[in-house]
Amino acid sequence: MDAQRSRSRRLAVAVGVNLALAGAQLGAGLAGHSVGLLADAGHNVTDVAGLAVSLVAVRLVSRPRSPERSFGYHRSSILAALANATVIAAVTMAIAVGALLRLLHPRPVDGGLMVVVAGVGLLANGVLALVLREGGDLNMRSAALHMAGDALASLAVVVAGALLTADPALRWADPAASLAVALLIVVEAYRLLRAAVEVLLESSPADVDLERLTDTMREVPGVAEVHDLHVWSLSSEVRALSAHLVVTGHPSLEEAQAVGDQVKAAVGGPFAIAHTTLELECERCNDEDDPCLMDGLVVAPPRRAGR
């Protein structure tokens, strides 16, 4: 809960800073005829919307689970990351088109104004990218990507402004800077989009070695076999696992539960598994209509008469 509150505060600050930056860059871009500053302003407007989505997602994740949503609202952070990546890509493509048009039809640009305004944006967005940066959460990663992208855009505009200040004839520098940064951001947005889609498709996390995970479960005393293993992500921070375990002998319910608890402990920390569901069997069960022993550590119904 403390982590969610911290994320909420940082995102709220980022929204306020980006609103101010977007206004300043828009005004300066129009006054100085700089497509680079206008691109920067466009990114910051996108940031405000994207950060607002991330802020809503952070607050949703902190809500308690309910009978209808037994896993809570963890997927909301993934949906926010997916929306942010899509918006980043779309707006960046629009900026790239604008840069190409300016390359074809260049016009005089105030290089000094570009350096000053973009320099402020570079500093502000660079600091915000570091403040929002988190390795695990995709939602916060997407928010940090917004900031890092704007910092790179501002850096490119600073360089272009410096070139134009030194030689006003280099009118191509302004749109060329925007185009280069747009391409970099699209690549990163694609990576973020792919990561969000993998979570929504319930793919096994890329950093989980399924063979090693299976071996770890088999090493627990009392486990003879592991099959029907599934590992997926509810969010970038919460992982779930389900599996069938064939246990040795004919254990009592108490003994079987002890084996299940040991398996959960063995995989919980090393593989960051937050929720584990195990079906324990005295022999491998191939008939889905006739469970062997226990389902989720609860004794299954007895075999039907005549079997």
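The values are calculated or read from the model by the stated rules, or taken from the named source; none is laboratory data. The structure displayed is predicted, hence computed values, not measured ones. Cβ placement follows ideal geometry from the backbone for every residue including glycine, while neighbour counts extend to all protein chains displayed.
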### Message
Residue pairs, Cβ under 7 Å, 6 or more apart or interchain, first in the range 240-258 and of a type in the set (Ser, Thr, Tyr), second surrounded by fewer than 20 Cβ atoms within 10 Å (Cβ to Cβ). List them.
### Response
242/230; 242/277; 248/222; 248/224
### Task
Please work out if residue 203 is touching a strand residue (DSSP E or B) at 6+ places or on another chain (Cβ under 9 Å), outside any strand (DSSP E or B) and at pLDDT below 85.
yes
### Residue, modelled with the highest pLDDT, within the range 107-125, restricted to residues that are buried (at least 16 other Cβ atoms within 10 Å of the Cβ) and not in a helix (DSSP H, G or I)
110
### Task
State all residues of the range 145-182 that are charged (D, E, K, R) and either touching a helix residue (DSSP H, G or I) at 6+ places or on another chain (Cβ under 7 Å) or within 24 Å of residue 88 (Cα to Cα) (or both); if no residue qualifies, say none.
150, 174
### Enumeration of residues in the range 230-265 that are surrounded by 14 or more Cβ atoms within 10 Å (Cβ to Cβ) and of a type in the set (Ser, Thr, Tyr)
233, 235, 236, 242
#### Entry: Index of the failed condition, residue 22 passing every other in (1) modelled with pLDDT of 70 or more; (2) of a type in the set (A, V, I, L, M); (3) within 24 Å of the chain's Cα centre (by Cα)
(3)
#### Entry: Selection from the range 204-251 of residues that are under 15 Å from residue 276 (Cβ atoms) and touching a Pro at 6+ places or on another chain (Cβ under 9 Å)
213, 216, 231, 232, 233, 239
### Residues satisfying the stated conditions in the range 193-230, i.e. over 30 Å from residue 88 (Cα atoms) and of a type in the set (A, V, I, L, M, F, W, C)
210, 213, 217, 220, 223, 224, 226, 229
### Task
Could you give me the residue pairs with C-beta distances under 7 Å whose first residue belongs to the range 115-142 and is of a type in the set (Phe, Trp, Tyr), whose second residue is at pLDDT 80 or above and in a loop (DSSP other than H, G, I, E, B) wherever it lies, and which are 6+ apart or on separate chains?
none
#### Entry: In the range 24-37, the residues that are in contact (Cβ under 8 Å) with a residue 12 or more places away in the chain, surrounded by fewer than 22 Cβ atoms within 10 Å (Cβ to Cβ) and in a helix (DSSP H, G or I)
24, 26, 31
### Task
Give the residue, chosen from 45, 13, that is modelled with pLDDT of 75 or more, surrounded by fewer than 20 Cβ atoms within 10 Å (Cβ to Cβ), in the same structural domain as residue 148 (by TED's automatic domain parsing) and part of a helix (DSSP H, G or I).
13
### Query
Which one of these does residue 268 not meet: (1) among the small types (Gly, Ala, Ser); (2) crowded, with 16+ Cβ neighbours inside 10 Å; (3) at pLDDT below 90?
(2)
### Task
Pick out the one residue from 226, 259 that is out of contact with any helix residue (DSSP H, G or I) (no Cβ under 9 Å at 6 or more places or on another chain) and either closer than 28 Å to residue 141 by Cβ or not small (Gly, Ala, Ser) (or both).
259
#### Entry: Filtered residues of the range 206-221 (kept if buried (at least 16 other Cβ atoms within 10 Å of the Cβ) and at pLDDT below 90)
208
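Just need a number here: residues in the range 90-100 that are in contact (Cβ under 8 Å) with a residue 24 or more places away in the chain and within 14 Å of residue 174 (Cα to Cα). Lay out the reasoning, then the answer.
Of the residues in the range 90-100, the ones in contact (Cβ under 8 Å) with a residue 24 or more places away in the chain are 91-96, 98-100.
Subset that is within 14 Å of residue 174 (Cα to Cα): 95-96, 98-100.
Of the residues in that region, 5 qualify.
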### Task
Only residues that are crowded, with 16+ Cβ neighbours inside 10 Å and free of Cβ contacts under 8 Å to residues at least 60 places away in the same chain: list them for the range 166-183, please.
170, 173, 180
